[in-house]
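Shown next, in structure tokens, is the structure this report addresses.
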Amino acid sequence: MRKTMIGLILLLLSASPNGFAAPAWTYQVEGVGAIVLEDQAAARQQAVRAALRAALEEAVMSVLDTDAVVANIHLLNERLYAEPWPYISSYRVLWEYPDVPGKVYRVRLEAEVALPRVQQTLAALGSSVATADPGRLPGGDAGRLAILITERHLGQATSTWWAARGVVTRTLRSQLAELGVRIGELEPGLQWDGTEDAALQAARKAEIAMLLVGHAGVQQTYNAVSGSAVHAILQLRVLDTPTGGVLVQERGEANVDDTHSGQASALALEEAARTVVPRLMPFLSAALQPASTDSVTTP
């Protein structure tokens, strides 16, 4: 049964009670552009735009009922999807290639959608769009996971926290978000010294339920058969924010051949992060789901 059309008041809760901005949501999406008159540059732009629109559509589906999206698709197409750029915080191209025989250009992106901007536009549409289920909105009562990882790349003497720009952090955020884990945001401008105590303080301040904290690094290796390679090691611990207790810990490793492209370090860290996600998910799926409320029968 469709929800009563009561506008989008709940969607205006784009900040947590502490005033922190609602998070950007990360999606991996693909887009295709037609190659007309051998103009690959124009086809690429079309493909990127199509991919960003796909990310925006997924974000809207995260906060609106399916019935509401279907019933108001023409309005959403006109007022929201037609121009995706204002709602995209950032994106990076994962791969791209021109399919010349097929006369299309294909791209795959990792895009961050700025949820508060989406919410503001949806709210401006008024009562013609159904309200989302509050339990599905970021900043609700359901559990959230924050991620704090330091990285040490080739040539670095010490580990550094790269915030959301870190290879491991970016990979974990994207992979876990695609699997349904709600990623929480910490205080904007946070400066972290890499210790678990400081990480827990930041997570408690932002009322984050759980914390994924760890360190990643790479080292150069050499084998007489395969030649030079980069070996990445990632060590993670999931902490219960209120108590600081260790809930689970994982270790990931990966080797990438050093092709002197300058990307081996990042590729190895990314692959190491991907290896731990399947092992973390069974635990996170159970630990972060909202607690069910038992029904009570009154006499």
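Kindly indicate whether Ala254 is open to solvent by less than 50 Å² (accessible area, probe 1.4 Å) and part of a helix (DSSP H, G or I).
no
Is it the case that some residue within region 71-87 is free of Cβ contacts under 8 Å to residues at least 24 places away in the same chain and either under 24 Å from Ile183 (Cβ atoms) or in contact with a Cys (Cβ under 6 Å, 6 or more places away or on another chain) (or both)? Among the residues of region 71-87, not one is free of Cβ contacts under 8 Å to residues at least 24 places away in the same chain and either under 24 Å from Ile183 (Cβ atoms) or in contact with a Cys (Cβ under 6 Å, 6 or more places away or on another chain) (or both), which makes the answer no. Among the residues of region 137-164, those that are modelled with pLDDT under 90 and charged (D, E, K, R) comprise Asp141, Arg144, Arg152.
None of Leu186, Leu179, Leu154 is in contact (Cβ under 8 Å) with a residue 24 or more places away in the chain and in contact with a Ser or Thr (Cβ under 7 Å, 6 or more places away or on another chain) except Leu154. Screening Arg79, Arg44 for residues that are within 16 Å of Gln120 (Cβ to Cβ), of a type in the set (Lys, Arg) and open to solvent by 50 Å² or more (accessible area, probe 1.4 Å) leaves exactly one candidate, Arg79.
Okay, residues lined up against (1) part of a strand (DSSP E or B); (2) modelled with pLDDT under 90:
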| site | (1), (2) |
| --- | --- |
| Val69 | no, yes |
| Leu76 | no, yes |
| Glu83 | no, yes |
| Ser90 | yes, yes |
| Trp95 | yes, no |
| Arg106 | yes, no |
| Glu112 | yes, yes |
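A count restricted to region 84-102 and to residues that are exposed (fewer than 13 other Cβ atoms within 10 Å of the Cβ) and either of a type in the set (A, V, I, L, M, F, W, C) or out of contact with any helix residue (DSSP H, G or I) (no Cβ under 7 Å at 6 or more places or on another chain) (or both) stands at 8. Just the residues that are out of contact with any helix residue (DSSP H, G or I) (no Cβ under 8 Å at 6 or more places or on another chain), open to solvent by 10 Å² or more (accessible area, probe 1.4 Å), in a helix (DSSP H, G or I) and at pLDDT below 90, please, taken from region 165-201. The answer is Arg165, Ala177, Glu178. Comparison of Glu83, Glu57, Glu96 shows that the only residue that is of a type in the set (Asp, Glu), within 22 Å of the chain's Cα centre (by Cα) and closer than 24 Å to Val167 by Cβ is Glu96. When region 47-70 is filtered for residues that are buried (at least 16 other Cβ atoms within 10 Å of the Cβ) and touching a Lys or Arg at 6+ places or on another chain (Cβ under 8 Å), the ones remaining, listed by number, are Ala47, Ala51, Ser62, Val63, Asp65, Ala68.
The values are calculated or read from the model by the stated rules, or taken from the named source; none is laboratory data. Predicted model, so just to flag it, every value in this text is computed and none were measured. Quick reminder, even Gly has a Cβ in these numbers, built from the backbone with ideal geometry, and neighbours come from all protein chains shown. These area figures cover heavy atoms from the full protein model, side chains too; ligands, DNA and RNA do not enter into them. Shrake-Rupley method; radii C 1.70, N 1.55, O 1.52, S 1.80 Å.
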